[in-house]
Each structure stands twice: as structure tokens, then as C-alpha cells.
Amino acid sequence: MRTVINASGGAYPVITGHGLLKELPALAGVCRGNTKAAVFTDDNVAPLYLDTLLSALPEGTLHYVVPHGEKSKNWALAGELLEKLAGDGFCRDDTVIALGGGVVGDLAGFVASVYMRGVPYVQAPTTLLAAIDSSVGGKTAVDLKAGKNLAGRIYPPRAVVCDLDTLSTLPKAEWKCGIGEALKYAVLTGGEIFDIMEKGLDESNTERLVDLAVDYKRRIVEADENEGGIRRLLNLGHTVGHAIEAESAMGFPHGVCVAMGIKVIARASVKAGFLPKEDYLRISALLQKYGFSDCPYSLASVMEHTVHDKKIADGKLNAVVIRGIGNCDILPMTADELKGFLS
Ligand code: NAD
Ligand code: GLY
């Protein structure tokens, strides 16, 4: 499937399908004329897919392999990669290719966004989470000591090429992280995504889920690329999720924290009278079906991290509350109001 996203810097395609890694250079239009590419990936993905991609690119294509995991989303490594690009003669019209999950995508996208004030990059997501969320919409970032994603830009890719075959090697735990974000879409949109998740995500419906999620995200980012309004809906479960992630010292992965965050918000929404009990029970059952547990931390410790959230504006956080399946809403709240809502 080909979904075209109209972004501020120009339209870009999100292409999903099977066996696409070999076709990536042609699909994304990289290495045309005298231009080069540099592939960024991590040390888990490299042994699995780097050769396949490199075999489709000109001989001698630059490639950089970073350690896997959230710790690679850091300023120092971004700096090292920028120095490597410069040392290797990477030019303004050359293209960065991010082959991997959300970590590689965010890091490589960030490096591409600042190298020579911005060079093109292509997202080649290899995790479920990256396929349905992080590869689309142009958010790039590295983490700072004070918090996740605190240094970053919205810098849309030139193309997203998602080879669904790569998902076959995803460890179960990483699949579960993607499910956390898929459940976010299920609650936001209801409809077919919720039905797929209720029925059970498997090989037969993964492609459909990815295409539906990409199309939903397309509608959101086309309407609000810079997250001044409805893009904030995509943060459902994230304010609490990021706090859980920080409290666990990044011990719980992102997608799992998002699912725990959705559970906390669903419970608060039903308690506040926003969410009908029947919908709450369906959401809870879904979280349980995929094995997500409750947030293990106290409200006090979660709140401690929440007040440092980068999304606070005018002393208010934009909490995403659930009014029903397929009906979420953005409510600005002070830290005290959020505390009252969650307790
Ligand atoms: P990840 O990139 O760390 O990948 C998870 C693990 O799976 C890693 O160990 C990786 O090496 C391995 N892996 C990747 N693809 C594989 C494959 N096909 N087979 C086997 N192993 C594979 O994590 P993630 O869950 O993809 O992404 C999480 C990151 O994404 C977080 O940093 C989060 O902040 C970010 N994120 C960004 C956005 C955005 O809009 N930019 C949205 C959501 C999340
Ligand atoms: N993952 C949230 C967003 O892209 O806005």
C-alpha cells in the first residue's frame, strides 16, 4: 500500500509491503545521479537486514551500526555520527537511511535534520512500533538527562519504506511494545483497529493494522504537523507512560509504558464520569488480553516526573482523556488538576 503524507516540506510516501528492502533505493529514489546514502542501524538489526539493504545500494555505501536500545538516543552519539558523516564526505544531497526501530529512526532522523542544516532521510522501520507510529510524522529526537526526547525536531522523512517481512524476527517482547502503541490507536479510533485488536493481532491482519494506523496518523499530522492541536491526541497514555519510563530508569520499554499509561487514564476517565463503564471494561479487557499489567508505581512518584514533562505550557499539561472508544479529548490541566484526576 502507498499512503501519501502532505507535510510542510513536501509530500512523502509511506510504502508498506513484503520484500521491500531490496527495492528501497528505487522506491525512495536514493542514490540517483552522483548522490550517496548512509545507512544507520543497530547491532541487532544489522546482522539480520543490513546486507540485504546494502546489496541493493551502490558498493561502498556508508553504514554505521549503533548499540541497540534507548541509551543510543543520546546527544554524544548523535555528535559522533555527525562527525562521521562529515569525515566520510557526506554531502547535502545525500540521503540517510534509518534501518531499525524507533530508536534508530529518532536518532538518524535527528542527525539528518541538523547535518548541513538538514539532509534527506528515509525511514525503513523494522519494529511494529516504528511501522505504525514512529516512522511517520517526522518527530526526531535524542534524550537528555532531564528527560526523553528533550532535544529534537519535527523533520519529515523523504519516504518511509516498511518491509513487513522484517517483523518476522521481532522478539515477543518487542512485538508487545508495538501492541502498546496499537492499543493507543484502537482507543483513539475505535472501528476496525479496535476490532482487529479485540479479535487478536496476528500474521493475517498485521498489514491491515499497519495501513490503518498509518492512514489515521496521516490525517492527524496533515492537520497538525507541529503538535499545536489535535496531534496531541497521539500522546494518549504518554504523559503517564513517560513518567513510568523515567521512574523505571528506562527499565520498562516505551510501548509497555504507553499501555500502562492508557490503563491509568482509562481508570481515571471512568472515575471522572467521562468514560462509560461498558467502554472502560472493553479497554481493560483488551489491555489484559495482551498481558499489560498495572502501573507499579505510586501516583506521587509518577507525578514527580510528570511536572518535568516537556509538553507543559503555561503551567498546564494537555492530558488526553477517554470519553469513549474512538472518542478521546485533550484537556489542559495543571499538575494539581492532573493529580486530582488521576487519584
Ligand atoms: P527499538 O528501536 O529500541 O527496537 C526494539 C528492539 O528490537 C531493539 O533491541 C532492536 O535492536 C530490535 N529490533 C528492531 N527490529 C528488529 C527486527 N526486525 N528483528 C529483531 N530485532 C529487531 O524500539 P522501538 O520500540 O521500535 O522504538 C521505541 C523508540 O521509539 C523510543 O525511543 C520512543 O521514544 C520512540 N518513538 C518515537 C515516536 C516518533 O513519533 N518519533 C513515536 C513512538 C515512539
Ligand atoms: N508518536 C506521537 C506523534 O508522532 O505525535
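For segment 184-211, give me each residue that is more than 12 Å from ligand 2 (Cβ to nearest atom) and either within 16 Å of Ala130 (Cβ to Cβ) or part of a loop (DSSP other than H, G, I, E, B) (or both).
Correct list: Gly190, Gly200, Leu201, Asp202, Glu203, Ser204, Asn205, Thr206, Glu207, Leu209, Val210, Asp211.
Which one is farthest from Leu164 (Cα to Cα), of the residues in segment 15-43 that are within 16 Å of ligand 1 (Cβ to nearest atom) and surrounded by fewer than 18 Cβ atoms within 10 Å (Cβ to Cβ)?
My answer is Asp43.
Between residues in segment 175-199 that are free of Cβ contacts under 8 Å to residues at least 60 places away in the same chain and open to solvent by less than 20 Å² (accessible area, probe 1.4 Å) and residues that are assigned to a helix (DSSP H, G or I) and among the basic types (Lys, Arg), which pairs lie under 7 Å by C-beta distance while being six or more apart or on different chains?
Pairs found: Ile196/Arg208.
How about segment 264-306: which of its residues are outside any helix (DSSP H, G or I) and out of contact with any strand residue (DSSP E or B) (no Cβ under 9 Å at 6 or more places or on another chain)?
Of everything in segment 264-306, those that are outside any helix (DSSP H, G or I) and out of contact with any strand residue (DSSP E or B) (no Cβ under 9 Å at 6 or more places or on another chain) turn out to be Gly273, Tyr290, Gly291, Phe292, Ser293, Asp294, Cys295, Pro296, Tyr297, Ser298.
Pick from Gly138, Gly100, Gly87, Gly79: which is near ligand 1 (Cβ under 10 Å from one of its atoms), over 21 Å from Val256 (Cβ atoms), at pLDDT 95 or above and not β-branched (Val, Ile, Thr)?
Within the list Gly138, Gly100, Gly87, Gly79, the selection yields Gly138.
Take the residues of segment 273-322 that are among the small types (Gly, Ala, Ser) and surrounded by 14 or more Cβ atoms within 10 Å (Cβ to Cβ): which is modelled with the highest pLDDT?
Going through the qualifying residues, I end up with Ser284.
The values are calculated or read from the model by the stated rules, or taken from the named source; none is laboratory data. Please read these numbers as outputs of a predicted model, since none were measured by experiment. Heads up, the Cβs are rebuilt from the backbone with ideal geometry, glycines too, and the neighbour counts pull from every protein chain shown. Quick note on the areas: whole protein, heavy atoms, side chains included, nothing else; ligands and nucleic acids left out. Shrake-Rupley method; radii C 1.70, N 1.55, O 1.52, S 1.80 Å.
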